[in-house]
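Comments concern the structure below.
The values are calculated or read from the model by the stated rules, or taken from the named source; none is laboratory data. It should be emphasised that the depicted structure is a prediction, and the values quoted were computed from it without experimental measurement. Please note: Cβ atoms are built from the backbone with ideal geometry, for glycine as well, and neighbour counts cover all protein chains shown.
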Amino acid sequence: MNAVFDTPLYPYAWHADQDTLARHRVVIVGAGPVGLTLAIDLALQGVAVVVLDDNDRVSTGSRAICFAKRTLEILDRLGVAAPLTAKGVQWNKGRVFFGEREVYDFTLLAEDGHKQPAFINLQQYYLEAALVARAHAVGVQIRGGNRVIGVVSHDDHVALTVDTPDGPYPLEADWLVACDGARSPLRDMLGLAFEGRVFEDNFLIADVKMAADFPTERWFWFAPPFEGAGRSALLHKQPDDVWRIDFQLGWDIDRTAELDPVRIRTRVDAMLSSQTGAVPAYDLEWTSIYTFQCRRMEKFRHGRVLFAGDAAHQVSPFGARGANSGIQDADNLAWKLVLVLDGGRDDLLDTYAAEREFAADENILHSTRATDFLTPKTSMSQIFRDAVLDLAASHAFARPLVNSGRLSVPCIYPGLADGLAGPGLTRPGAACVDVAVDQGFLVEQLHGFCMLAINCDAPEALREAGVVARRVDLPMTDAVRARYLGDASAAIYLLRPDQHIVGRWPAYDEDALRAAMRAAIGKNEDAIEP
Amino acid sequence: MPLNLDPNIVDPDGFYDDLLAAHMGLSHAESDALNARLILILCNQIGDRDVIRAALRAAR
Ligand SMILES: Cc1cc2nc3c(=O)[nH]c(=O)nc-3n(C[C@H](O)[C@H](O)[C@H](O)COP(=O)(O)OP(=O)(O)OC[C@H]3O[C@@H](n4cnc5c(N)ncnc54)[C@H](O)[C@@H]3O)c2cc1C
C-alpha cells in the first residue's frame, strides 16, 4: 500500500464552534480537488474559509491521472503547480491498435511559449496532498471527521448540522459551496435531482507497478486481441513506475470473479507481452471496477448554496474531464464570491452557474462522443467505427475521427461581443492563451482584472465600479501576433481574474472597457445601484 | 483534382455525431439503404469520375 493515502492529513480535532454556534462567511463541504482549490483561491484573496470533510486523508487509488494545461495554469496561480509538474509524467508518443494490428502512432509536439505542459499524468492523491499542504499554508481550516448530515437554506444564510466523533453540532454560513463529490449528500438533502445517462459498461482499472524498462507511451486498443480483455484497453504511465491499465469489460459481468488477482494478471500479462514479447515483473498496486455516468444538476446555484465539481456534474473518464473541469468551476467561482462578499450584487453568482452549466454540457458532449465511439450502440455505428479504424491505418483523413477521449480544454463562454475579429482561439469568452514575455510567461503576470496591451497606449490602471484592471504589455513576437493579433496591428484585451477574456478592441477605448468591466462584475444596471 | 485523403473536415467529432444521428432509429436494412443514397449523393457532388474511381479503390 502507498503511504500517501494511508496518512491522516487533517485528523479530527475538537473545535470551539462545537460549543458556541458560529457563522462563517464561506463554508465548503468536501476536501477533494475542487473544494480545496476553491478554498485556497478564497484564502489568497483574504476570505477566511472553513472546509468540512467526513474523511481525514487523500482519496485511495489513483482516480484522476491526467491533468491538462488549463488546470496546471490555475494551480500555478494558486502556488501549487510546481511540485506537480516536477513529479508528473509527460508523454508524447501514443499508439492506437485495432485487434492485432497497430493502426497508427502519433507524437504530440508541444507548442512553444507555454509555461505549463499540455498535460501531465499524476495520481490524484498527489494533487490532493499538494492542495492540502498549500491550504494549510495559506490559513484554510480543514476540519476532518466532520460529516454534514443536515442542511437548511435560508434567505440570508445556510444552517448546517455537522456530525463528529464528539457528536453533532450546528454551524452557519453566509454562503455554502457543496464540493461533496458525485454522490453529493448535500444535493440529496436538498432534494435536488442529478439527471443524465448511465452507460451500461464496466471498466476494470489496475494500477501496476513495474520497475522494468518499459516505453513511456500511451497504448490504446480497440477490440484488444488478448484473452478476455473486453472491448477496449488502455495502458498509461504514471509517476513512481506505476502504469494505469483499463479494460472495458461490458455490462453483464461477475464483479467478484473479475477482481480476482489471478484473472487480472492473465489479462495484464497478455497486454504487456503483446508488444515486447515478454512479461516484465510487476505488482498490482490498486484494482477497481467502475461504471460511469454523464449527468448534471439542472442549476448549479440554489440560493445561498452553490454546487461545484462532481457534485454538480459527472462525466465518463474518457477525456479526463472530471477533476479538470471541477477545478475550472472553482476558478470561475472564487473571484465572483469575493466580489459578492465585498458587497457586490449576488446575481453575479448566477453567471457562475450559467457559465459552468454551459461548460458541463460541453464536457458531457465530448465524453459521450468518446464513449459512443468506444462502445458502438448499434450494428451500423459499429460498422462505421470499424471502417474508421480500418481506414486510419492507411489514410490520414480518418485519424481525427478516431476518438478514445479528447484532451480537456477550457470552454469558450458564449455571448460576449468581439470588437477586434482577431484569432479565434482568443475570442471573448476564451481562457487566455499563454505566450512567452520578457520576464517569463504571460500567465505569471496576470492577477485580478488585467488589460493586455499590444502595440497600443493605455493607462497603467483603470478603476471601475470598485475593481481595478492593471495594464500588462505584450511584446510584438510571432506568437503574440498569431495568438492575439491576427491581421490587426494593435489590440487591447480585457481579462477577468480567472484569465478568461471579457472583450478585445483594436485600440484603447475607455468607454468600451468600462462597460465591459461593469458587465463582467454584474453591475450592468449601475444607474439603479446606490 | 486528385483524391484528398488528408484531414479535410472541420470539427470531425461533430461530423461523426451527425453521421450516426442520421441513422438513429433505423433498422439495419434502412441504414444500408440510407448509406447507398448518401454515397450516390456524395458521388454526384464530386462529379469527377477519376476522383470517384480513386475513392472506390481506396475504400476497397
Ligand atoms: C477511475 C477514475 C478515473 C478518473 N480519471 C480522471 C482523469 O484522468 N482526469 C480527471 O480530470 N478526472 C478523472 N476522474 C474524476 C475525478 O476523480 C473526479 O472528477 C474528482 O475527484 C472530483 O473532485 P471533487 O472535489 O468534485 O469530488 P471528490 O474528489 O469526490 O471529493 C468529495 C469530498 O467530499 C467529501 N464528502 C462527501 N460527503 C460529505 C459529507 N456529507 N460531509 C463532509 N464531507 C463529505 C468526501 O469525503 C470527499 O473528500 C476519474 C475518476 C475515477 C473514479
Name the pairs whose Cβ atoms lie under 8 Å apart, with the first residue in the range A:40-67 and among the basic types (Lys, Arg), the second in a helix (DSSP H, G or I) and within 14 Å of the ligand (Cβ to nearest atom), and 6 or more positions between them or separate chains? A:57/A:5; A:63/A:124; A:63/A:125; A:63/A:323
Within the range A:2-36, which residues are more than 9 Å from the ligand (Cβ to nearest atom) and in contact with a Lys or Arg (Cβ under 9 Å, 6 or more places away or on another chain)? A:4, A:5, A:6, A:7, A:8, A:9, A:10, A:11, A:12, A:13, A:15, A:17
If you take the residues in the range A:385-404 that are assigned to a helix (DSSP H, G or I) and surrounded by 19 or more Cβ atoms within 10 Å (Cβ to Cβ), which one is farthest from the chain's Cα centre (by Cα)? A:391
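Yes/no matrix, rows are residues, columns are (1) without any contact (Cβ under 8 Å) to a residue 24 or more places away in the chain; (2) on the phi > 0 side of the Ramachandran plot; (3) of a type in the set (S, T, N, Q):
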{"position": "A:79", "(1), (2), (3)": "no, yes, no"}
{"position": "A:84", "(1), (2), (3)": "no, no, no"}
{"position": "A:98", "(1), (2), (3)": "no, no, no"}
{"position": "A:108", "(1), (2), (3)": "yes, no, no"}
{"position": "A:121", "(1), (2), (3)": "no, no, yes"}
{"position": "A:132", "(1), (2), (3)": "no, no, no"}
Of all residues in the range A:168-216 being away from the ligand (no atom under 15 Å from the Cβ) and among the aliphatic types (A, V, I, L, M), which is farthest from residue A:19 (Cα to Cα)? A:212
Filtered residue count, the range A:449-502, keeping only those that are touching a residue at least 40 places away in the same chain (Cβ under 8 Å) and basic (Lys, Arg): 2
Subset of the range A:212-235, residues in a strand (DSSP E or B) and either at pLDDT below 90 or of a type in the set (D, E, K, R) (or both), comes to A:217, A:218
With the requirement that a residue be on the phi > 0 side of the Ramachandran plot and surrounded by fewer than 19 Cβ atoms within 10 Å (Cβ to Cβ), what does the range A:445-504 give you? A:448, A:455, A:465, A:466, A:486
Give, as residue ranges, the helices (runs of 4 or more DSSP H) completely inside the range A:255-344 that count at least 2 residues that are away from the ligand (no atom under 14 Å from the Cβ) and more than 27 Å from the chain's Cα centre (by Cα). A:255-258, A:261-276
Looking at this structure, is residue A:307 surrounded by 24 or more Cβ atoms within 10 Å (Cβ to Cβ) and among the aromatic types (Phe, Trp, Tyr)? yes
Scan of the range A:426-444 for residues that are exposed (fewer than 15 other Cβ atoms within 10 Å of the Cβ) and in contact (Cβ under 8 Å) with a residue 40 or more places away in the chain, ordered by number: A:440, A:444
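Restricting attention to helices (runs of 4 or more DSSP H) lying wholly within the range A:1-101, give those where 2 or more residues are more than 15 Å from residue A:126 (Cα to Cα) and touching a strand residue (DSSP E or B) at 6+ places or on another chain (Cβ under 7 Å).
Those helices (runs of 4 or more DSSP H) span A:33-44, A:69-77.
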Note on the range A:102-120: residues assigned to a loop (DSSP other than H, G, I, E, B) and not basic (Lys, Arg) are A:108, A:109, A:110, A:111, A:112, A:113, A:114, A:116, A:117, A:118
Restricting to the range A:405-418, what's the tally of residues that are at pLDDT below 95 and buried (at least 17 other Cβ atoms within 10 Å of the Cβ)? 6
For the range A:256-287, give me each residue that is more than 25 Å from residue A:216 (Cβ to Cβ) and loosely packed, with under 11 Cβ neighbours inside 10 Å. A:256, A:257, A:262
How many residues does the range A:148-167 contain that are within 12 Å of the ligand (Cβ to nearest atom) and surrounded by fewer than 18 Cβ atoms within 10 Å (Cβ to Cβ)? 4
May I ask you to list the residues in the range A:158-207 that are farther than 23 Å from residue A:325 by Cα, part of a loop (DSSP other than H, G, I, E, B) and in contact with a His (Cβ under 8 Å, 6 or more places away or on another chain)? A:190
Condition (residue is away from every other protein chain (no Cβ under 14 Å) and either within 26 Å of residue A:389 (Cβ to Cβ) or within 15 Å of the ligand (Cβ to nearest atom) (or both)) applied to the range A:361-377: is it met by at least one residue? no
The lone exception for residue B:42 - which of (1) surrounded by 10 or more Cβ atoms within 10 Å (Cβ to Cβ); (2) within 10 Å of chain A (Cβ to nearest Cβ); (3) not β-branched (Val, Ile, Thr) it fails: (2)
So, of the residues in the range B:2-26 that are surrounded by 12 or more Cβ atoms within 10 Å (Cβ to Cβ) and more than 9 Å from chain A (Cβ to nearest Cβ), which turns out to be nearest to residue A:403 (Cα to Cα)? B:22
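Identify, from the list A:39, A:82, A:86, A:110, the residue that is buried (at least 22 other Cβ atoms within 10 Å of the Cβ) and either modelled with pLDDT of 95 or more or more than 9 Å from the ligand (Cβ to nearest atom) (or both).
On the way: A:82 fails: buried (at least 22 other Cβ atoms within 10 Å of the Cβ); A:86 fails: buried (at least 22 other Cβ atoms within 10 Å of the Cβ); A:110 fails: buried (at least 22 other Cβ atoms within 10 Å of the Cβ).
Just one listed residue meets the conditions, A:39.
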If you go through the range A:345-384, how many residues are of a type in the set (Val, Ile, Thr), in contact (Cβ under 8 Å) with a residue 12 or more places away in the chain and part of a helix (DSSP H, G or I)? 4
